[in-house]
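Written below as structure tokens is the structure these notes are about.
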Amino acid sequence: MNEPSLHHVQCLDARGLHRMAYWQWGDAANPHVVVCVHGLTRQGRDFDVLARALCDDFRVVCPDVVGRGRSDWLADPMGYGVPTYVADMVTLLARLDAATVDWVGTSMGGLIGLSLASLTGGGGNPIRRLVLNDVGPRIEPAAVARIGSYVGVPMRFASLDEAAERLRQIAIGFGTHTREQWLALTAPQLKDDGHGGFVLHYDPAIAVPLRAATPEMAAAGEAALWAAYDRITARTLLLRGADSDLLSRATAQAMTQRGPKAALVEFAGVGHAPTLVPPDQVAVVRDFLRSR
């Protein structure tokens, strides 16, 4: 299968209902499901390369988190946060009707997976294996400041090439990609602005909660995430860009010693975050998910 099918699921928020889009690869009847969830400003098509590598063995589901891609935007910007996203994913898992799933989460998608994998009750946690891509309970303040400098800032591009170059500058930590790879990562990030150009395919208001956060809120959030991480029982793989400014080496090492005691793999020449497009990155994830 070279292209995914697009589906939607209806979810509940504080103001009413919203639809979350998700892209599905592979056999819809396959009970072995992998859910791949993207970073803060990205969308589900980021995982096209990984999904193609997995879809012979798994049903691969790649949601557009609310406010991104083909999903609805929230009426209340303060709803853009992990609790809303986790609730949406619980609704998605009910739609998929899978007893267990494997989870691949990049950055924000990893925090969603970490939080979901820590939940107890309800007959057992659904996450069997967890891949955390360049994220952990502690997020370095320098990375938060860097990300905050561009999230929600209006951008308009006259062409795909212009957009690709601008986004390459912003996402320099993604590492080296061929021109074809980078254009493929860029195109789903854009939507027609109705005037012959393109704008980014996410709600600028996702920046509102980020900018409202205080140091005290960040400290409380970190403590809660460490407590959640310590409750995880799923077999866990932690990926890190060796030059990451978001996931420090010290935090990564701590994650190998507590909670699920994640196996750690670092990728040289990459910052925040590995795209899971280069063959070596794909192979690490594929081998982990296939292993007995």
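Annotations for the structure displayed:
- Share, in percent, of DSSP beta bridges within the chain that are antiparallel, nearest 5: 45
- Theoretical FRET efficiency, 1/(1+(r/R0)^6), r = Cβ-Cβ of V144 and T100, R0 25 Å, to 0.05: 0.15
- Summarising the label geometry, the points placed 7 Å from Cα in the beta-carbon direction at Q257 and E216 lie 3.1 nm from one another.
- Alpha-carbon centroids, region 74-121 and region 221-292: separation in whole Å: 18
- Proximal charge balance of D72 [Cβ under 13 Å; K/R count +1, D/E count -1]: -1
- When the convex hull of its Cα atoms is projected in every direction, mean area for region 74-146 (nm²): 5.9
- Here the simple spin-label model places points 7 Å from the Cα toward Cβ, and for M78 and A28 these points are separated by 4.0 nm.
- Average accessible surface area per residue within the chain, 1.4 Å rolling probe, Å²: 44
- Approximate spin-label separation Q10-R168, in nm, with each point projected 7 Å along Cα-to-Cβ: 4.4
- Computed FRET value (nearest 0.05) for D192 with R292, which takes r as the C-beta separation and R₀ as 45 Å: 0.45
- Database remark: amide H of R235 closer than 5 angstrom to the amide H of L130 (H placed geometrically; neighbours at sequence offset of 5 or more, or on other chains; Pro and chain starts carry no H).
- Rg [Å, one decimal], Dmax [Å, integer] - the chain, C-alpha atoms: 17.7, 53
- Using just its DSSP H runs of length 4 or more, each adding -39500 (n - 2.57), the chain gives a mean residue ellipticity at 222 nm of -10000 deg cm²/dmol after division by all residues.
- Taken about its Cα centre, region 122-165 carries a charge dipole of about 380 debye when Lys and Arg each add +1 at the Cβ and Asp and Glu each add -1 at the Cβ.
- Rh (Kirkwood; distinct C-alpha pairs) - region 32-109, Å: 13.0
- Dimensions of region 178-292 based on its C-alpha atoms, expressed as ranges along the principal axes with the largest first, amount to 53, 40, 25 Å.
- Cα-Cα P(r), region 64-194, percent of pairs per 10 Å interval: 10, 33, 36, 19, 3, 0
- Global dimensions of region 23-68 from alpha-carbon coordinates: Rg and Dmax equal 10.4, 31 Å.
- Whole-percent carbon and sulfur share, accessible surface of the chain, 1.4 Å: 56
- For region 161-240, the spread of Cα coordinates along the three principal axes comes to 48, 31, 20 Å, biggest extent given first.
- Relative pair counts by distance (%), Cα atoms of region 247-292, 5 Å bins: 5, 17, 26, 23, 23, 7, 0
- On full extension, the segment bounded by R231 and D161 gains 20.7 nm, given 0.36 nm per residue less the C-alpha separation.
The values are calculated or read from the model by the stated rules, or taken from the named source; none is laboratory data. Treat the numbers as computed from the prediction; the structure is a model and nothing was measured. A quick note on method: Cβ atoms are made from the backbone with ideal geometry, for glycine too, and the neighbour counts reach across all protein chains shown. With ligands, DNA and RNA removed, areas are computed over all heavy atoms of the protein, side chains included. Shrake-Rupley method; radii C 1.70, N 1.55, O 1.52, S 1.80 Å.
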